[in-house]
Each structure stands twice: as C-alpha cells, then as structure tokens.
Amino acid sequence: MSSSTNTVCTSHKLQRGLWLSTLALCLCIAGAMAYAQDADLRAPSGAVAGNPASIATTGGGTATFYLVGPSIAVKRDVKLGEEIALSAKELQSAGKYVAIVCSGSCRSVGFFVAPAKPVNLTFLVHPSRAPVGQPNMVSGVALPFDEFHNLVLAPAPVDFQIAGAGVAPTSHRVSTQNGVAWFHTNSGRSAGALQITASINDVSTRRVVQQVASDPCSLRIKGQRNDKGFMVETEPVRDCTGNPVPDGTIVTFTAKDAQGMDTVDAPIKKGIARAQLKGSGTVTISAASGVVMGNELRLGAQ
Amino acid sequence: MMRTNTGRMPLMVCSTHSSGLPKLVATALATFVLLASLYSVAADSAPQVVLNTSKAGPRSVEAQTESVILRDYKFAWASLEQALESNSIAPVNGLFAGTANAWFTSAVTGQRSTGLSSRYLNQNHKVEAVFYAPEGDMIELHDTANYDLQILDGGKSIHEEHVVVHYVVLMTPGADRWVVRQLQAVPQF
C-alpha cells in the first residue's frame, strides 16, 4: 500500500514537473518573442550614396548598433525606440549594407545603397596611334561614376563626338547598358589628331588618337651607277590616301647580277629611302616595303 | 661479430613486423583518413565559381582568357574571405585595384578598429560575362553569389544569414593576372 502511494505520488510529481517545465519553456519563448519585437528595425528605403538616411527602431533601452557595408564597419551605442541616423559619409559606397542592433539578442536588417548621379566618366580609347583608312580601327568605352566612385548602372545617354583631320565631325548617342557605353569607328583619311569626346549630362572627357599614314601603297624607284656600284632611291613614299609614310619605315632594295644578289634595308628619311648597292654588268634592282613591291629597274654595264 | 649482427638483424625486423604491422597500417590508414577529410574540408571551403562568357560582347572571350579570369576571380574571393576573417589586407594584395581596393582596405580597417570580423562561408558564384571591351582591356561580370554570411564581434556571432547577392564586377588585366577594380552589390541585374 505504502509502496503504491509512493508510486502515485512520484507520478504526480513527475507530471507536475513536466507541466511546470512546459510552462517555463512557453514563457521563455513568449518572452524572447516579445523581446525580439522590442528591437525591430526598419531599413531606409531608396538610400542613395552620399546622402544621410536613418533606421527606425522600436522598443526601449540602450543597444549596440553595428553597420557593415562595402567599405565600412562601425559600432556605436544607440537608444531603442529612436531613429538611428546614418551619416552621408557612412553611406558613400553603393552596395549592400547590414545593420545590426544587439541588446541581449541581436536583430538585423539589410538594405541597398544606390549610386548617386554621374560626375565622372572613365573613357578608354584605343589605339593611341591609328593608321588611316582602316575600318573600325578606333574604339572607345565609357563608364559613368558618381563622386564616390560608384559605377552608375541606371541607363544614361552618352554622346561620343569625333572630330579631326580627314573626318567629318560626327556625333553618336549611345545609352549605357550595365553601366557601359561603347562605340567603334573608322579612322580618317588624313594623318593628324583625332579628337574624341564622351559626354554625359554636363560631364565630358576628351581623348586624342594620333592618326598616322598607313602602309605604303606603291613604290617607284630610280637609280644611277656610281663609283661604288649603284645608288638607288625611291620617290616620296605615300600610303593609299596620299599621306607620307612615317620616317623609319623600312624599304628593302635588292640588286641581282650575274654574280649573285645584294640586299640592303634602308629606312625612309624625309619621305625617301636611299641605298648604295653593289653589282657589275647588267643589274636588275627592285624594292619592297611591307607587302608592296616597287617597279624593277634595269641598269646596264658601264 | 659482423656476421652475427647481420644474422640477427632480420630476426629483429621480423619481430618488429609481426607485432607492429597492424599498428603501422592503422596509423597509415588514420593519417590517410585525416588527410582526406582535411582535403575534403579545404575543397568544400574554397569558393565554387562557374563562369559563362558566351554572352559577352562586343569582343568574344578567348578560351585561355576565360580560364585565367575564372582562376583570378575565384582566388580574389578566397583571399577576400580570408582577409575579412583575419582583418588583414595582406591576402588580397595585388588582387584588387582602384575603387575595389580602396573600399576593401577601408572595410578591413573599420572591422579592425571595431573588433568585428566577417566570414563568407560556403561560397557559390554563378558568373556571367556581359561586356568585354573591343581591345580586351576590361571585362564586366555579373555574379550571382550565395554564401553564409557570419558577422562576429570579438569572436561572438552577432549575425548569421544565408544570402544571395548580385555583384557587378569590373576586372582589368594587370601585369600577370586580372584584377578586380569594382565589386558593387546591386538588388538585381
């Protein structure tokens, strides 16, 4: 009997303990939920780089506030129930931020900061020296950035203006796509500077491409015998659009006679290449530069 | 004496073999398992990056360039993870340039001064090249990254979240690798 009573008592005690434990657990969860609700955060909407913003909080008491962003990590004490002010400097970088408030437990909220309006234009133009008369020879890429070096991704029109020797001034309007606008164009017909300007809103950036003569178009040579052999020279060497080929361009002269062949590489100086060749008897002289062959010259025996 | 010694040596070796062989095998096996598990952990913790360049233009990306960009971008994220966890910019030296480098340095400095650190765990990056400059001197990537972000204050976790973040990335060729010039998170592409 005594043993049975004890068993019942023990069973009751166990049940009561279980009830109390469940109740305590429920209270704990409810308490935790209530506490969590105390420290709710509301992220700033439409935050823009370099502009102050604020995070609304609920609850009361003090807490530790953290802000982690693309170029920042700050920690300071705040009062719950008041707005947490974020300075313009804290929000200079566009991207994702995480705001955390800890007071016992931690609550967090994420938000994005968008780039501000473009004030800089990165403008890459290639090549720095372009041969004339070549299709799609010159290309440019423009990327708009705001004052905090954030890439501006919202589509915006970029005007490319091209002016220079042998090119009628032209203008292309291209809208940025994914923060990039680009163009390519033919090089002009005359050697000289090609001015290329990219503009967005009131911002413009200028680049200069030096247009140079292209490869020689034709070679004409003339020559005469002298004491050492033959002196040969080209007529002024020009490209197919009439621009003088740059000094230093190599012209290869070849002289063939009964004994063999003599070859000389000569650079163009002031538009003309000259060479002294050896040979005896009747000599055939030719010239070449790049893929262009000149006329053949036959000089007889002295 | 010499003959006696040489005669006894095989016996000693035999004796060692007979008693120590299972122990040796067990040790080798344990070492192998340990190394394999370490390798597996290391392999799992490295960022997983998939790069698709089929939609890049106006210039098409050459196969070798694609593999180098993939290698360097993956390495940049692995180093970024290491740097933000250890609060040292040393791991990312030479991998970031321009704005990306300035931002990153500033973030590490901020973390160090506040006692914070960040972990970017289980990274997966699905990267698409959207623009490759005509002269091949700049590439823009769109990276849809997902990872477990953990922010710690003095070793105590204050924020844990599995995030999916869209990054706009600008990379340019450096002396011996492609460097990240811009790493900007956006809500969507």
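Total residues in the stretch A:169-184 satisfying the condition of being within 14 Å of chain B (Cβ to nearest Cβ) and in contact with an Asp or Glu (Cβ under 9 Å, 6 or more places away or on another chain): the figure is 4. Evaluating A:TYR66 against the criteria (1) modelled with pLDDT under 95; (2) within 27 Å of B:HIS162 (Cβ to Cβ) leaves one unmet condition, (1). Could you say whether any residue in the stretch A:277-289 is modelled with pLDDT under 90, under 15 Å from A:PHE230 (Cβ atoms) and of a type in the set (S, T, N, Q)? Scanning the stretch A:277-289 turns up at least one residue that is modelled with pLDDT under 90, under 15 Å from A:PHE230 (Cβ atoms) and of a type in the set (S, T, N, Q). Taking the stretch A:293-302 as the range and being part of a loop (DSSP other than H, G, I, E, B) and in contact (Cβ under 8 Å) with a residue 24 or more places away in the chain as the test, the residues that pass are A:ASN295, A:GLN302. Just to be sure before I move on: is B:TYR132 touching a residue at least 40 places away in the same chain (Cβ under 8 Å), within 24 Å of B:GLN64 (Cα to Cα) and within 11 Å of chain A (Cβ to nearest Cβ) in the structure I sent? When the stated conditions are applied, B:TYR132 passes them.
Considering the stretch A:149-168, the residues that are within 13 Å of another protein chain (Cβ to nearest Cβ) and buried (at least 21 other Cβ atoms within 10 Å of the Cβ) include one that is nearest to the chain's Cα centre (by Cα), namely A:LEU151. Of (1) of a type outside the set (Lys, Arg); (2) surrounded by 15 or more Cβ atoms within 10 Å (Cβ to Cβ); (3) touching a strand residue (DSSP E or B) at 6+ places or on another chain (Cβ under 6 Å), A:ASN243 satisfies all except one. Which? Failing condition for A:ASN243: (3). Give the residues of the stretch A:97-113 that are over 20 Å from B:LYS156 (Cβ atoms) and crowded, with 21+ Cβ neighbours inside 10 Å, sorted by residue number. Passing the criteria: A:TYR97, A:PHE111, A:VAL113. Is it the case that some residue within the stretch B:103-111 is free of Cβ contacts under 8 Å to residues at least 60 places away in the same chain, within 11 Å of chain A (Cβ to nearest Cβ), surrounded by 15 or more Cβ atoms within 10 Å (Cβ to Cβ) and assigned to a strand (DSSP E or B)? No, the stretch B:103-111 contains no residue that is free of Cβ contacts under 8 Å to residues at least 60 places away in the same chain, within 11 Å of chain A (Cβ to nearest Cβ), surrounded by 15 or more Cβ atoms within 10 Å (Cβ to Cβ) and assigned to a strand (DSSP E or B).
Of the residues that make up the stretch A:56-72, is at least one under 30 Å from B:ALA100 (Cα atoms), polar (S, T, N, Q) and within 28 Å of the chain's Cα centre (by Cα)? Yes: the stretch A:56-72 contains one or more residues that are under 30 Å from B:ALA100 (Cα atoms), polar (S, T, N, Q) and within 28 Å of the chain's Cα centre (by Cα).
Condition check ((1) touching a strand residue (DSSP E or B) at 6+ places or on another chain (Cβ under 9 Å); (2) touching a residue at least 60 places away in the same chain (Cβ under 8 Å); (3) part of a strand (DSSP E or B)) across all residues:
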| residue | (1), (2), (3) |
| --- | --- |
| A:TYR97 | yes, no, yes |
| A:PHE112 | yes, yes, yes |
| A:LEU124 | yes, no, yes |
| A:GLN134 | no, yes, no |
| A:ALA142 | yes, yes, yes |
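Only a single item in (1) within 14 Å of another protein chain (Cβ to nearest Cβ); (2) buried (at least 17 other Cβ atoms within 10 Å of the Cβ); (3) modelled with pLDDT of 95 or more is not met by A:THR197, and it is number (1).
On inspection, B:PHE96 does not qualify as at pLDDT 95 or above, surrounded by 21 or more Cβ atoms within 10 Å (Cβ to Cβ) and within 9 Å of another protein chain (Cβ to nearest Cβ). If I filter the stretch A:73-95 for residues that are closer than 24 Å to B:SER157 by Cβ, aliphatic (A, V, I, L, M), within 13 Å of another protein chain (Cβ to nearest Cβ) and crowded, with 22+ Cβ neighbours inside 10 Å, do I get at least one hit? Yes, because at least one residue in the stretch A:73-95 is closer than 24 Å to B:SER157 by Cβ, aliphatic (A, V, I, L, M), within 13 Å of another protein chain (Cβ to nearest Cβ) and crowded, with 22+ Cβ neighbours inside 10 Å. Are any residues in the stretch A:42-54 part of a strand (DSSP E or B) and either crowded, with 21+ Cβ neighbours inside 10 Å or in contact (Cβ under 8 Å) with a residue 60 or more places away in the chain (or both), and if so, which ones? Once the filter is applied, which keeps residues that are part of a strand (DSSP E or B) and either crowded, with 21+ Cβ neighbours inside 10 Å or in contact (Cβ under 8 Å) with a residue 60 or more places away in the chain (or both), the stretch A:42-54 yields A:ARG42, A:ALA47, A:VAL48, A:ALA53.
Just one of the listed residues (A:GLY260, A:GLY290, A:GLY279) is at positive phi, in contact (Cβ under 8 Å) with a residue 40 or more places away in the chain and out of contact with any Ser or Thr (no Cβ under 9 Å at 6 or more places or on another chain), namely A:GLY279.
When each of B:LEU152, B:LEU121 is tested for being over 19 Å from B:TYR73 (Cα atoms) and more than 10 Å from every other protein chain (Cβ to nearest Cβ), the lone residue that passes is B:LEU152.
The values are calculated or read from the model by the stated rules, or taken from the named source; none is laboratory data. Since the structure is predicted, the reported quantities are computational estimates derived from the model, not experimental observations. Note that we place each Cβ from the backbone using ideal geometry, even for glycine, and neighbour counts take in every protein chain shown.
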